Amino acid sequence: MKDAARIVHLNDTSPNCRRGGDLRALLTPASVGATSGFMGVAIVQPGERIGEHYHPYSEEFVYVLSGQLEVDLDGVSHPLRPEQGLLIPVDMRHRFRNVGNIEARMVFHLGPLAPRPELGHVDTEETAEAGPAHAAPPDPAGARA
């Protein structure tokens, strides 16, 4: 028997602001039974950032929908604009900043999955929402952004 396709609307997800920005994991192991990775949307307001972190098991694919972002990759800053994609290799530290004057949105996908959700994301700096840098606590959705 084939698994059923699942459609998830952004409004059906809960905001995750622990690392800065508003990270919405849409298609995850918990929400749709994904087995190879997970996908979501990051919403970043002007002046906000998503704190530096890395993924020890996953590559991250990013596609910018709107806004003006800068991404720091292992400490080197790069502009990231609408209709641009980015591949972030496993273990590469990265942080996103909205440097424009409008909301920025980007789609992200990570894969493969970490052996356990709490191993999938490692914070390397403090953000106002996250507190001290640390390995992330388990995510109720079973996903990391």
When the helix-only estimate is applied to the chain (DSSP H runs of n ≥ 4, each -39,500 (n - 2.57), divided by the residue count), what is the mean residue ellipticity at 222 nm, nearest 500 deg cm²/dmol? -500 deg cm²/dmol
Residues whose modelled amide H sits under 5 Å from the amide H of E126, counting only those 5 or more places away in sequence or on another chain, are A133
Give a residue-ordered list of calculated ³J(HN,Hα) values for region 94-101 (Karplus: 6.51 cos²θ - 1.76 cosθ + 1.60, θ = phi - 60°; whole Hz; x for Gly, Pro). 8, 8, 10, 10, 8, 9, x, 10
The size of the Cβ-based charge dipole (Lys, Arg +1; Asp, Glu -1) of the chain about the Cα centre, to the nearest 20 debye, is 340 debye
Output for region 1-66: trypsin sites (Lys or Arg not before Pro) sitting in coil per DSSP, at most 12 other Cβ within 10 Å, listed by number, reads K2, R6
Quick check: with the 1.4 Å probe, what order do S77, S14, S31 take by accessible area, largest first? S14, S77, S31
Å² of accessible area per residue within the chain, as computed with a 1.4 Å probe and no ligands counted: 52 Å²
D12 - accessible surface, heavy atoms, 1.4 Å probe, Å² rounded to 10: 120 Å²
Selected from V44, L65, P29, residue furthest toward positive end of dipole (the chain; charges at beta carbon): P29
Hey, how much of the P(r) for region 2-47 falls beyond 18 Å, as a percent of Cα pairs? 33 percent
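The values are calculated or read from the model by the stated rules, or taken from the named source; none is laboratory data. What you see is a predicted model, and the numbers here were worked out from it, not measured in a lab. Note that each Cβ is placed from the backbone with ideal geometry, even for glycine, and that neighbours are counted across all protein chains shown. The protein model used for the area step is the full one, side chains on, heavy atoms only, and it has no ligands, DNA or RNA in it. Shrake-Rupley method; radii C 1.70, N 1.55, O 1.52, S 1.80 Å.
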